[in-house]
1. Any chance you could count how many residues in segment A:120-150 are open to solvent by less than 30 Å² (accessible area, probe 1.4 Å) and without any contact (Cβ under 8 Å) to a residue 12 or more places away in the chain?
2. Please state which one of C:LEU180, C:LEU195, C:LEU188 is more than 14 Å from chain A (Cβ to nearest Cβ), under 22 Å from C:LEU258 (Cα atoms) and either assigned to a helix (DSSP H, G or I) or open to solvent by 20 Å² or more (accessible area, probe 1.4 Å) (or both).
3. Return the residue satisfying two criteria in turn: it lies in segment E:178-195 and is surrounded by fewer than 20 Cβ atoms within 10 Å (Cβ to Cβ) and either small (Gly, Ala, Ser) or at the interface with chain D (Cβ under 7 Å from one of its Cβ atoms) (or both), and of such residues it is farthest from ligand 2 (Cβ to nearest atom).
4. Out of curiosity, is D:LEU250 within 16 Å of ligand 3 (Cβ to nearest atom), surrounded by 17 or more Cβ atoms within 10 Å (Cβ to Cβ) and more than 14 Å from chain E (Cβ to nearest Cβ)?
5. If you take the residues in segment E:65-83 that are surrounded by 20 or more Cβ atoms within 10 Å (Cβ to Cβ) and farther than 20 Å from C:ALA177 by Cα, which one is nearest to ligand 3 (Cβ to nearest atom)?
6. Sort out for me the strands (runs of 3 or more DSSP E) sitting completely within segment D:258-327 that have 2 or more residues that are of a type in the set (A, V, I, L, M, F, W, C).
7. Looking only at segment B:203-212, which residues are facing chain C (nearest Cβ under 7 Å) and not in a helix (DSSP H, G or I)?
8. Please state which one of D:ALA138, D:ALA104 is under 25 Å from E:GLY44 (Cα atoms), within 16 Å of ligand 2 (Cβ to nearest atom), surrounded by fewer than 23 Cβ atoms within 10 Å (Cβ to Cβ) and more than 14 Å from chain E (Cβ to nearest Cβ).
Amino acid sequence: GDEEGSASTGTTAQAADDTVDGPVLVFAAASLTDAFGEMKTSFEADNPGAEVQLNFAGSSALREQILEGAPADVFASANGSNMDAVVEADQVSGKPDAFVTNSLQIAVPPKNPGKVKGLADFANEELLIGLCAEAVPCGDFGREALANADVKASVDTNEPDVRALLTKVGADELDAGIVYVTDVKAAGDDVLGIDIPKADNVVATYPIAALAEAPNPDGAAAFTKFVLSEQGQAILADFGFGAP
Amino acid sequence: MSAARRQRVGQRPPLVLVTLGGIGAAVFIIPLLGLASRTPWRKLPELVSSDVVVDALRLSLFTSLLAGIISLMLGVPLAWLLARVEFPGRSIVRAVVTLPMVLPPVVGGAALLFAFGRRGLVGEPLNAATGFLMPFSVWGVVAANVFVAMPFLVVTVEGALAGLDTRYEHAAASLGASRLTVFRRVTLPMIAPSLRAGLVLAWARALGEFGATITFAGNLQGRTQTLPLAVFVALESNRDAAVAMSLVLVAVSLVVLLSLRDRWWTRP
Amino acid sequence: MSAARRQRVGQRPPLVLVTLGGIGAAVFIIPLLGLASRTPWRKLPELVSSDVVVDALRLSLFTSLLAGIISLMLGVPLAWLLARVEFPGRSIVRAVVTLPMVLPPVVGGAALLFAFGRRGLVGEPLNAATGFLMPFSVWGVVAANVFVAMPFLVVTVEGALAGLDTRYEHAAASLGASRLTVFRRVTLPMIAPSLRAGLVLAWARALGEFGATITFAGNLQGRTQTLPLAVFVALESNRDAAVAMSLVLVAVSLVVLLSLRDRWWTRP
Amino acid sequence: MTSVAQTTAGLSARIVVSRSDTFTLDLEVAIEPGTTAALLGPNGSGKSTTVDALAGIVPLDEGRIQLDGRVLDDPDAGVFVPTEQRGLGVVFQQGLLFDHLDVAANIAFGPRSAGRPSKQADAIARRWIDTLDLADLADRHPNRLSGGQAQRVALARALATDPDLLMLDEPLAALDIATRTRLRRTLAAHLDYYEGPRLLITHDPVDAFLLADCIYILEGGSVTQAGSVEDIRRRPATPYVAALAGLNLLSGINNNGMVKLNDHPSQTLQSADRATTGSVLVTIHPTAVALHAEQPHGSPRNVWGSTVVAVEPLGDITRISLGEPLPLNVDITPASTELLQLKPGATVWASVKATEVNLNPA
Amino acid sequence: MTSVAQTTAGLSARIVVSRSDTFTLDLEVAIEPGTTAALLGPNGSGKSTTVDALAGIVPLDEGRIQLDGRVLDDPDAGVFVPTEQRGLGVVFQQGLLFDHLDVAANIAFGPRSAGRPSKQADAIARRWIDTLDLADLADRHPNRLSGGQAQRVALARALATDPDLLMLDEPLAALDIATRTRLRRTLAAHLDYYEGPRLLITHDPVDAFLLADCIYILEGGSVTQAGSVEDIRRRPATPYVAALAGLNLLSGINNNGMVKLNDHPSQTLQSADRATTGSVLVTIHPTAVALHAEQPHGSPRNVWGSTVVAVEPLGDITRISLGEPLPLNVDITPASTELLQLKPGATVWASVKATEVNLNPA
Ligand SMILES: Nc1ncnc2c1ncn2[C@@H]1O[C@H](COP(=O)(O)OP(=O)(O)OP(=O)(O)O)[C@@H](O)[C@H]1O
Ligand SMILES: Nc1ncnc2c1ncn2[C@@H]1O[C@H](COP(=O)(O)OP(=O)(O)OP(=O)(O)O)[C@@H](O)[C@H]1O
Ligand code: MOO
Ligand SMILES: [Mg+2]
Ligand SMILES: [Mg+2]
């Protein structure tokens, strides 16, 4: 419900304190679940007329949906390649912005039965080691980190996403895996995080973009802007994400 | 005949069958126990009483039921055509019916997008003509459920039709019943147990459906987020909640199936 | 009887059934066309001839087949027990069998881990005693497939058994056949069409199985990466490859099911 | 073979159906409205196949079926009226009752299918339930009926359709003697005011003799004799028909009252009939043969020695089967059987008067 | 009711089974080894239920089944031997052939189940195939057989098990007349050298008279008469048995040759039998009743006027059913029927000699 006249958002995005309204449909990578939940609350507080609808799925599924004409306003991907595909299809309005970074951590079961200390242990064939699959963001970055540390990992499984990897580590079925810092944080007591030295670690960058065919272009722009704003960045930091 | 008496008569089923069947049952019971052993029973009531769960449960019940009914209405006639009418390409249609079972669910969802999405084969003209868009709506959930669940009904019912003695249908025709009447009043009642089995399979499959739904219909709380999708989201942040919600699914299906009782399963 | 003659006799199936059945078939055919319309036919041979695909296909065929056989060996006796033997908790077991269908696949996989994993209810003692570890091995894939696929067989076969006239089994017993012989030589042949339907369902479901497999058995090329898993991974990076590999799955299932022909589906 | 008049009313059909490599049915039937034809024949001779063909369950390979001027099946013309539009009432040999419906609903099925409102259909069913004494069983399901009860329900179900063509495939086979007699009368009474043609299949000559106006004998897929009850009884053309009528049948060549038997060249029978010459069928009534312990002297012209093959007490009479040189059935009183001490293997003298050796042209 | 001797060899059973609220079977049977008992009774009287109980398909509610000293079912003692261990051969009323097996495999099923190697089982099957003339059908599936062919297969299948107890539930019902006669003989011959007890269910008195040593009459779940063939034929105790034997049965009270009839109080019959006094069963043979157009004068002591209810030509004889005041069946020759111009509704005079009014104690 909006009042006649106050909705003077006809032309371009105005000052930050101009509010937007209507539904804003945000397609966000599953790893952003908690952070974007918070983001929605704050954004709606600032824009009482707006309603953020979050659609969480794997980045690739989201990409597919957007390419097939999903009526999305914003796409927040967990890696560049899925965003690139959307850009290539001319589905992005303007250019994507990097909005957070995420670095890697080793996840081990709470009691660390494999006595894992660092990436070097990934070469131990005795241990059950899991990574994310190649092309999955955390998979590519994890492999890069191992390469940096010059470790030839004896991998037992390439998990489809971080969640699956964490489930197995948490269930003590794997001795170690490489995931994002934020994932370890979100998993709470289920897993234990072991830091990877700066030298070997890799920083992943998440892009966000308003979409070309957004049904609510103003909302899309406003939400994107909010995520990049100080307030948005603060929320992301709370969940362990780094600044871009 | 008294129950005790009946028991006495039914004594001593063959050991092989009991052993193999017992192992078969264990395949299902042990994982259930495994799940139960990791369930935060104390926190359960709190975990499953959130808005998210209630919304998702309501949506799941509605869509799975509707999908079951649609599968029944379309799948039974399809099974009948496959079993009783010779038409060109019949064996291809029969094979294509199993498609949704072999496609990875995500690909199944993508195929649905290719077909019924805004840029899809059928979806594009449909959208242009009527403005109707199936994905990201509750109808998308139902469509994904039907797509994934109906094959089970079709294959089960066709199997039962193939095993039916057609002489009863002939007898009904000789009494003046049209093919439709024969179908309704003789064929269907005679395969009732398999029909029920197929319906249970389809409904349960729809209730648990995940991959095609999330890809085709999206994952919007209150609109397209069914219970399995909610479980997926919960897994991201709160494993306990995810397990708890899974148990809700299990409980729903147990309650429904147990309420059907033996009467539903056995010959009148 | 000549085919033309037979056709003349089988003419004019009821319009309602043809219409509904046709819509039912469209539910499967249109998405398949959708998939075909996005398939990079030119690049197809190249896309599907990679090591990854060949490995995955081999593994998928092996595990789905094995899962089908195991489902048959355990599921048929289980269905028989459910249909023919009264035992306490029967209706609970019957309901629990549908568990894998309603659990989101990932939760299903997790339940398997809780049961047969390294720290699982059964897995832990088993591992301690024998060193055998099911997850991350091909046996894990088979186990996940059986867990997910067997319910279809059990429910289908139980439905058929419930619809069977027991007087034939009594007649066989009167000829001196033990219950096992009756089961083998009378019961099973009499429900053959439903048995086949159940087997097709179970096999196809195992062939397409994704969620529980990846969760329980992991995803390692050549060891546990089945075709649906490979498709999933490919989706992340190369949609064309993913679509191409999905078509391989579809083709495999079409070829297998078409090769069974009508003979397999109809009464002798 | 009889030629079929192409009447417009009633049934006229030529039926050619090949069921397997070894069996082909090929017959012509014509049944006038209001009359009953009985179809009799050995097992596997094609009686039920005839029903299937007339009902449209098995399509004709050749021929043509016409009922009241309507062509129901004609492969040459490409006409085939499906079963449900033929207006039939059929009692199938296997019963084929619907186990999922109770008795009343089974009987009401036909009227319901004909589009009658369910009240009316129930009323019709109720009438037949009463007529066939099924009131106690009305809400029983057929799988809970005894064999004879089920058969009565099948009969009621067929009659309740008020059909254009009624076909009864052994409708009385499983019935007890009293029920059978009663139902035979019920059936006869009903058929009296039923106007369509009807086809009755039976193994019991009594059924045929009591209920049929005309009898077709089917053997090996072909009609071997057709005619009135009297024709069939008096002049059996095949051993099957003779057995049906309870007669002994032989074939031979008559030469002025001396009949040389075809299958028993050593035997010659004297007959009083000198008019029927050439190839003849010989019938001898079982009671016309007398048995003696010693060689008899006196009037009978045919006397020969033989052995007893079987002795079967049939109630009021005992049937003796004689062996070579002339296998005949002989009916005598149980008293005589004892008197003569007839046992299988016993030697006896048989005699038949020349007047009892009946001849018909072959 | 007859009391059952507790012999160790053969079958002795008391069977109590409640099938529904309205039907309870309660009977005792004893069958000596090597003898055949026939079970006859109206439809729904419990014959097939008796088979089911003896076969262990329906458990006893009360009673006890003992075969060759083995207890097969005894609810009080908690004994129940399952069907497959009872050593049975059963021809079920519904046939119940296995459609998925061919005829040879159906017949070999029993021997195979008994653990015989398949060669041997096939040889046994082959023997029965030959005996029952099924060679042409050996590799046919039962759903492709005619009704009578199927019944022969069912018979072969039961006989091939070489059972301890043979039960035949209407084994000849669907057979044509010639096959029936032949099979009756085959069966009789086979039973002669078969040593176990056997139970034959039939509606055909001829089957019973020819094949059975002893007859049980079952009506409404209870045995109403049991005895030798002669007993049953000579002294029917119920109207059903009388109808079976083809006799008229009445009951009354004899007072010095004057029998007051219970159901027809206005009628009194004179009988030559003055010895059997008190309550008696009266039997009159249908041929013992003479019919006349005018009131006869002469020797017969019993003469009354009546109306014809039905006229049924049965081949050599015609059966006339008389109505009030004394419903009787009368058999006369077709010639007399024509002479008297007997039609339903006609008025006739009936007469019976006092010597033909047979009395038995009730
Ligand atoms: N469905 C079938 N397929 C092939 N052959 C069949 C089929 N049904 C019957 N036959 C064969 O066709 C012939 C005629 O069978 P049909 O049932 O018409 O005989 P029938 O005269 O009714 O015999 P009965 O008196 O035994 O019932 C037999 O040789 C039989 O074996
Ligand atoms: N499965 C059943 N459940 C309940 N009642 C049954 C069942 N089968 C038969 N009956 C009833 O039990 C009674 C005896 O039936 P049964 O089949 O023993 O009769 P029968 O003497 O064999 O008759 P028929 O000569 O008609 O075959 C009948 O009243 C019948 O309706
Ligand atoms: O039961 Mo029969 O074979 O028709 O007399
Ligand atoms: Mg027949
Ligand atoms: Mg019976």
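1. Of the residues in that region, 0 qualify.
2. On inspection, the qualifying residue turns out to be C:LEU195.
3. Taking the candidates together, the pick is E:ALA189.
4. No; evaluated as a whole, the condition is false for this residue.
5. Selected residue: E:ILE65.
6. The qualifying strands (runs of 3 or more DSSP E) are D:258-261, D:278-284, D:289-292, D:302-313, D:318-322.
7. Within segment B:203-212, just B:PHE210 meets the criteria.
8. Values: D:ALA138 fails: more than 14 Å from chain E (Cβ to nearest Cβ).
Result: D:ALA104 is the single residue among D:ALA138, D:ALA104 that is under 25 Å from E:GLY44 (Cα atoms), within 16 Å of ligand 2 (Cβ to nearest atom), surrounded by fewer than 23 Cβ atoms within 10 Å (Cβ to Cβ) and more than 14 Å from chain E (Cβ to nearest Cβ).
The values are calculated or read from the model by the stated rules, or taken from the named source; none is laboratory data. The model shown is predicted, which means the values in this text are computed figures rather than measured ones. Every residue, glycine as well, gets a Cβ built from its backbone with ideal geometry; the counts of neighbours run over all protein chains shown. Just the protein is used for accessible areas: all its heavy atoms, side chains included, with ligands, DNA and RNA removed. Shrake-Rupley method; radii C 1.70, N 1.55, O 1.52, S 1.80 Å.
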